[in-house]
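Asker: Here it is, the structure, as structure tokens.
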Amino acid sequence: MNSDDFRQWSRRAADWGADYRETLRQRPVRPRIESGDIFRSIEASPPEDAEPMDRIFADFEEKIVPGMTHWQHPRFFAYFPANAAPVSVVAEYLVSAMAAQCMLWQTSPAATELETRTVDWMRQALGLPEGFSGVIQDSASSATLAAVLTMRERALDWQGNKRGLTGQARLRIYSSDQVHTSIDRAIWVAGIGEDNLVRIPVAGRFRAMDIAALEAAIVADKKAGLLPAGIIACVGGTSTGGTDDIAGVAAIAKRHGVYLHVDAAWAGSAMICPEYRHFWAGVEQADSIVFNPHKWLGAQFDCSIQFLRDPESHVRTLAIKPDYLKTHGHDGIINYSEWSVPLGRRFRALKLWFLLRAHGLEGLRTMIRNHVAWSEGLAARLADEPDFEIVTEPMLSLFSFRHKAEGADADEHNLRLVNAINDDGRIYLTQTRVNGRVAIRFQVGQFEATAADVDSAFAAITEIARGLT
């Protein structure tokens, strides 16, 4: 591909992207295909000779796009959003064109220094105090793993990386069952073992960890000769929005000298609105906090910010400095690869910088406030329907509900309902379990969703439910 071809096809791709976004409402949110359809449509062997770009692009449109779930669809109400505001997509074009490896300051000084600045912009936007530093990770999973490794090293007096875990005290990590499964994986990868992830019972509307039970578990483990290393609290858990009493948990963490990591991957974006910050009151006492601008805020995936109260502990855990990675002649610089598990790093800060400047905090606040209001309104409308019940009340823009069907197995019926809704294609929802029973999740979070899209969700849910009874 020469320079002229690159220019032509870059323009073609940009035009395609704009047309795609304009026509999303005309598409089903989830593809109407069977497993294996796309696989069978792709040639079984790689091409020996070069193929023309027009044929490759045509195959993309004809074979790949029809098999995609459209995460940018305004009626994507499943999981949590993975937003890509158009301005962040433009920034990603530029990042892809430059294709820089931003592992060190010297390999891309602007990438490092812009990351430092934009992360501090976000610290201010979320109302976190000065003193917190941060790094843009690829995902909350990586941030959580880094936090678990740091709590492990700190508890073992920095001997885990050197000596391994054999012969060391048995470590214990504490969380509720409302945290994301990335916590389980972090425990596995860190070598701590899932038997040492202590699940604390939850209580109340927001399924928060029972503070007394948390402290009792830590005290009991100490008496048994075990070594409490850390607590992982959540704000806006994936299932139903489970949210811990962060101030209460932080007080226990401080009293027992254990590391506190707060997972606010989804709900953290809402903290740019001061009226929602009560959900994580006390978060300034955490050692580590993660939130994903690539979820609700609009930055294209991947872009996850980890804030750190003591970055030295984090870097001490993760940094490795062979001679070929040293930057000579510069003191006091930051190499963000020393703050992350992977060495390689993309230029993630650019899309966040574009996003914040193009929309402003007030524009982003308006979006989030609308989503919360629309979700609360839909929950109220469903609650007024005689055959529906609200299982968990809205936590920001997330709630869960269940449809009642006389004489039918309730779990089986609601699984049939969510599958029928998704097969219909107008909207996309996911299910969870609350107290062992199936419930259907609903959350508003897509960057370009409107009140009319949420109204269409009510119509689709009630219409399809009536058809099943």
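Asker: Can you find a residue in the stretch 24-38 that is at positive phi and in contact with a strand residue (DSSP E or B) (Cβ under 7 Å, 6 or more places away or on another chain)? Please lay out each step first, then the result.
Answerer: Keep residues of the stretch 24-38 that are at positive phi, which gives 36.
Within this subset, residues satisfying the condition of being in contact with a strand residue (DSSP E or B) (Cβ under 7 Å, 6 or more places away or on another chain) are none.
The answer is no, given that none of the residues of the stretch 24-38 is at positive phi and in contact with a strand residue (DSSP E or B) (Cβ under 7 Å, 6 or more places away or on another chain).
Asker: Okay, next question. Residue 436 fails exactly one of the following numbered conditions: (1) at pLDDT 95 or above; (2) over 25 Å from residue 126 (Cβ atoms); (3) open to solvent by 10 Å² or more (accessible area, probe 1.4 Å). What is the number of that condition?
Answerer: Failing condition for residue 436: (1).
Asker: Mind telling me which of the residues 355, 378 ends up being within 28 Å of residue 145 (Cβ to Cβ), buried (at least 21 other Cβ atoms within 10 Å of the Cβ), in contact (Cβ under 8 Å) with a residue 40 or more places away in the chain and not polar (S, T, N, Q)? Break it down stepwise before answering.
Answerer: Numbers: 378 fails: within 28 Å of residue 145 (Cβ to Cβ).
Just a single option satisfies the conditions, and that option is 355.
Asker: While we're looking at this one, here's another question. May I ask you to list the residues in the stretch 153-188 that are in a helix (DSSP H, G or I) and surrounded by 15 or more Cβ atoms within 10 Å (Cβ to Cβ)? Don't jump to the end; show me each part of the working.
Answerer: First pass over the stretch 153-188, keeping only residues in a helix (DSSP H, G or I): 153-155, 160-163, 182-188.
Of everything in the stretch 153-188, those that are in a helix (DSSP H, G or I) and surrounded by 15 or more Cβ atoms within 10 Å (Cβ to Cβ) turn out to be 153, 154, 155, 160, 182, 183, 185, 186, 187.
Asker: Tally up the residues in the stretch 105-131 that are outside any helix (DSSP H, G or I) and closer than 22 Å to residue 307 by Cβ, please.
Answerer: So the count comes out to 7.
Asker: Quick check on residue 369: is it touching a residue at least 60 places away in the same chain (Cβ under 8 Å), open to solvent by less than 30 Å² (accessible area, probe 1.4 Å) and charged (D, E, K, R)? Working first, answer last.
Answerer: Working: touching a residue at least 60 places away in the same chain (Cβ under 8 Å): yes; open to solvent by less than 30 Å² (accessible area, probe 1.4 Å): no; charged (D, E, K, R): yes.
It is false that residue 369 is touching a residue at least 60 places away in the same chain (Cβ under 8 Å), open to solvent by less than 30 Å² (accessible area, probe 1.4 Å) and charged (D, E, K, R).
Residue-by-condition table, conditions (1) in contact (Cβ under 8 Å) with a residue 60 or more places away in the chain; (2) open to solvent by 10 Å² or more (accessible area, probe 1.4 Å); (3) aromatic (Phe, Trp, Tyr); (4) farther than 29 Å from residue 355 by Cβ:
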{"site": "382", "(1), (2), (3), (4)": "yes, no, no, yes"}
{"site": "388", "(1), (2), (3), (4)": "yes, yes, yes, yes"}
{"site": "393", "(1), (2), (3), (4)": "yes, yes, no, yes"}
{"site": "396", "(1), (2), (3), (4)": "yes, no, no, no"}
{"site": "400", "(1), (2), (3), (4)": "yes, no, no, yes"}
{"site": "419", "(1), (2), (3), (4)": "no, yes, no, yes"}
{"site": "425", "(1), (2), (3), (4)": "yes, no, no, yes"}
{"site": "440", "(1), (2), (3), (4)": "no, no, no, yes"}
{"site": "445", "(1), (2), (3), (4)": "yes, no, no, no"}
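Asker: Quick check on my filter: what residues within the stretch 43-55 are loosely packed, with under 10 Cβ neighbours inside 10 Å and not polar (S, T, N, Q)? Quick ask: steps written out before the conclusion?
Answerer: First, pick out the residues of the stretch 43-55 that are loosely packed, with under 10 Cβ neighbours inside 10 Å: 43-52, 55.
Correct list: 43, 44, 46, 47, 48, 49, 50, 51, 52, 55.
Asker: For the stretch 23-42, give me the residue count where each residue is of a type in the set (Gly, Ala, Ser) and either closer than 30 Å to residue 449 by Cβ or open to solvent by 70 Å² or more (accessible area, probe 1.4 Å) (or both). If you could, list the steps in order and put the result at the bottom.
Answerer: The initial filter retains those residues of the stretch 23-42 that are of a type in the set (Gly, Ala, Ser), namely 35-36, 41.
Keeping just the survivors that are either closer than 30 Å to residue 449 by Cβ or open to solvent by 70 Å² or more (accessible area, probe 1.4 Å) (or both) gives 35.
Number satisfying all stated conditions: 1.
Asker: Next question. Right, residue 95: open to solvent by less than 40 Å² (accessible area, probe 1.4 Å), β-branched (Val, Ile, Thr) and either part of a loop (DSSP other than H, G, I, E, B) or at pLDDT below 90 (or both) or not?
Answerer: Values: open to solvent by less than 40 Å² (accessible area, probe 1.4 Å): yes; β-branched (Val, Ile, Thr): yes; either part of a loop (DSSP other than H, G, I, E, B) or at pLDDT below 90 (or both): yes.
In short, yes.
Asker: Would you be able to tell me the number of residues in the stretch 248-273 that are open to solvent by less than 10 Å² (accessible area, probe 1.4 Å), over 17 Å from residue 210 (Cα atoms) and without any contact (Cβ under 8 Å) to a residue 40 or more places away in the chain?
Answerer: 1
Asker: Tell me, which residue of the stretch 189-210 that is under 21 Å from residue 256 (Cβ atoms) and of a type in the set (D, E, K, R) is surrounded by the most Cβ atoms within 10 Å (Cβ to Cβ)?
Answerer: 210
Asker: Go through the stretch 208-236 and give me each residue that's touching a Ser or Thr at 6+ places or on another chain (Cβ under 7 Å) and touching a residue at least 60 places away in the same chain (Cβ under 8 Å).
Answerer: 232, 236
Asker: Filter the stretch 301-316 down to the residues that are closer than 18 Å to residue 151 by Cβ and among the hydrophobic types (A, V, I, L, M, F, W, C), then identify the one that is modelled with the lowest pLDDT. Break it down into steps so the answer makes sense when it comes.
Answerer: Just the residues of the stretch 301-316 that are closer than 18 Å to residue 151 by Cβ, to begin with: 306-316.
Retained after the next criterion (residues that are among the hydrophobic types (A, V, I, L, M, F, W, C)): 307-308, 315.
Values: 307: 96, 308: 95, 315: 87.
Only one residue tops the list, namely 315.
Asker: Pick from the stretch 237-247 the residues that are in contact (Cβ under 8 Å) with a residue 40 or more places away in the chain and not β-branched (Val, Ile, Thr): which of them is most open to solvent (accessible area, probe 1.4 Å)? Steps first, answer last, please.
Answerer: At the first step, the residues of the stretch 237-247 found to be in contact (Cβ under 8 Å) with a residue 40 or more places away in the chain are 237-244, 246.
Subsequent filtering for residues that are not β-branched (Val, Ile, Thr) retains 237, 239, 241-242, 244.
Working: 237: 6, 239: 32, 241: 1, 242: 1, 244: 6 Å².
Once the filter is applied, the top-ranked residue is 239.
Residues checked against (1) closer than 24 Å to residue 33 by Cβ; (2) of a type in the set (S, T, N, Q):
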site: 384; (1), (2): no, no
site: 408; (1), (2): no, no
site: 419; (1), (2): yes, yes
site: 441; (1), (2): yes, no
site: 444; (1), (2): no, no
site: 456; (1), (2): yes, yes
site: 466; (1), (2): no, no
site: 469; (1), (2): no, yes
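The values are calculated or read from the model by the stated rules, or taken from the named source; none is laboratory data. On a predicted model such as this, the values are computed, not experimentally measured, just so you know. We place every Cβ from the backbone using ideal geometry, glycine too, and count neighbours over all the protein chains shown. Only protein heavy atoms, including side chains, enter the accessible area calculation; ligands, DNA and RNA are left aside. Shrake-Rupley method; radii C 1.70, N 1.55, O 1.52, S 1.80 Å.
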